[in-house]
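Below is one structure, written out as structure tokens; comments come after it.
Throughout, read-outs are computed from the coordinates displayed, never taken from laboratory work. Note that the structure is a prediction, hence the values are computed from the model and not measured. Ideal geometry is used to build each Cβ from the backbone, glycine not excepted, and the neighbour counts take in all protein chains shown.
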Amino acid sequence: MQKFLNDPLDFVDEALEGILRAHPADLRRVSARGLIRADAPLPRKVGLVTGGGFGHLPLFLGYVGDGLADGVAVGNVFASPGAIDIAAVGRAVSAGHGVLFLIGNYFGDVANFRKAAELLAAEGIPADVVTVTDDVASAPPDARERRRGIAGAFFVYKIAGAAAAAGLSLEEVGRLARRANAATHTIGVALSPCEIPGTGRPSFTLPAGEMEIGMGIHGEAGIERGPLRPAREVAALLVERLAADGALDAPEVAVLLNSLGATSPEELYVLYGAVHEALASHGTRVAYALVGRYATSMEMAGCSLSVLRLEEAFRPLLERPAYSPLLQAIRLRPLPAAGSGGGGA
């Protein structure tokens, strides 16, 4: 696969330098792989920090901004950042009200972010860690704590970020983040792999004309492989998988249809129309809808569908406007009662 590179070993650092040069009014560096909002720390609020492996933009770095996270630490492509970088970011965004770490549920991330929380606690900075576990393909419902965190993290960031911006305590923000995570279910489908810079090989192999349901964003094996189906059948299959997991056990939901990298907006909207119809056939109303790139895997082709079971407490937090330099303005507007249009970011 052809890529715009210099030395593959410099890929992450050069990309970070480019982001800082493109958005100097929004972001600043506090460690080798740690960036924070230019105006952080913000008084009277919990510091929110995220992070993980590079290669998933706009996850994780794109979730730093007003109404979202205050800082981020990134590692090499698909690899955890180090605890020292993470702690440096947490320290830099702390304004005396504690720090909440929001991360995907991956072994290296969990170990290093928990270590960073311990380092901050030893310095007198209260810290908590919330792991996102929305990927229904990675573990059964009775083992939710083993599930991976993927694109459904958007809803956790949005709800926790708005809660922190409203001045809620560390305990309250953490509680809402955990409630949002418990209410979020995601499943993905891959059509082609990506290639980590410098490896010279795809992250997995998938024959032309086939798709894989449940593929992870690092190329982890899915749960079903078969021939590529028409978009309406793919949408119906994804909705059925989420329904079986309890994602539709609420009268209203928020929906995020995410490109894994190479899937075009046009294809996503074809899929979203079918998703909307499939949800309606289950008697589920879509109250909020987002379509676009929110968590990618380099240039992987495919998509993921996330559903958040709505609670009344979530609505004002979802609707609070937010902004990040990579995602730009985020404003979720409730869809009209007929569910025939509107919404998005």
For this session: In a Gaussian network model over the chain where Cα atoms closer than 10 Å are linked, find which of Arg21, Arg285, Arg33 has the largest mean-square fluctuation.
Result: Arg21
Exercise. Say we join alpha carbon atoms closer than 10 Å with springs in a Gaussian network model of the chain; which of Ala122, Ala278, Ala180 then has the biggest fluctuation?
Worked result: Ala122
Exercise. How large is ³J(HN,Hα), in whole Hz, for each residue of the stretch 78-91 in order, when computed from phi with the Karplus curve 6.51 cos²θ - 1.76 cosθ + 1.60 and θ = phi - 60°, using x for Gly and Pro?
Worked result: 6, 9, 5, x, x, 4, 5, 4, 4, 5, 4, 5, x, 4
Seminar exercise, completed: With label points set 7 Å from each Cα along the Cα-to-Cβ direction at Asp142 and Lys115, the distance between them in nm comes to 3.5
For this session: Return the aspartates and glutamates within reach of Lys115: Cα separation strictly under 14 angstrom, same-chain partners fewer than 8 residues apart disregarded; answer none if there are no such residues.
Result: Asp85, Glu123, Asp128
For this session: Would you mind checking the stretch 144-183 for residues with the amide N under 16 Å from a putative spin-label position 7 Å along Cα→C-beta of Asp249?
Result: 144-145, 179-183
For this session: Could you grab the relative contact order for the stretch 209-254? Cα pairs under 8 Å, six or more apart, rounded to a whole percent.
Result: 25
Problem set entry | Spacing of the two label points (7 Å from each Cα toward its C-beta) at Glu14 and Ala122, in nm | 3.7
Problem set entry | Sum of -39500 (n - 2.57) over DSSP H runs of 4+, divided by residues of the chain (222 nm, nearest 500) | -9500 deg cm²/dmol
For this session: Normalising by the residue count of the stretch 9-182, find the relative contact order in percent from Cα pairs under 8 Å and 6+ residues apart.
Result: 21
Exercise. How high is the relative contact order of the chain, in percent, counting Cα pairs under 8 Å that sit 6 or more residues apart?
Worked result: 17
For this session: For the chain, count all C-alpha to C-alpha pairs, find those more than 38 Å apart, and express that count as a whole percent of the total.
Result: 11
Exercise. In a shell of Cβ-Cβ distance under 11 Å around Glu311, excluding Glu311 itself, what net charge do Lys and Arg (+1) and Asp and Glu (-1) give?
Worked result: +1
Seminar exercise, completed: The rounded separation in angstrom of the Cα centers of the stretch 114-138 and the stretch 197-262 is 28
Problem set entry | Where a label projected 7 Å from the Cα of Ala313 along Cα→Cβ would reach, residues of the stretch 176-207 with amide N under 18 Å | 176-185
Problem set entry | Estimated FRET transfer efficiency when R0 is 51 angstrom, pair Arg175-Gln2 (beta carbons, to 0.05) | 0.60
Exercise. Which lysines have a Cα less than 19 Å from the Cα of Lys158, not counting those fewer than 8 places away in the same chain?
Worked result: Lys45
Problem set entry | Whole-Hz couplings from phi, Karplus 6.51/-1.76/1.60, listed for the stretch 168-183; x for Gly and Pro | 5, 6, 4, 4, 5, 5, x, 5, 5, 4, 5, 5, 5, 4, 5, 8
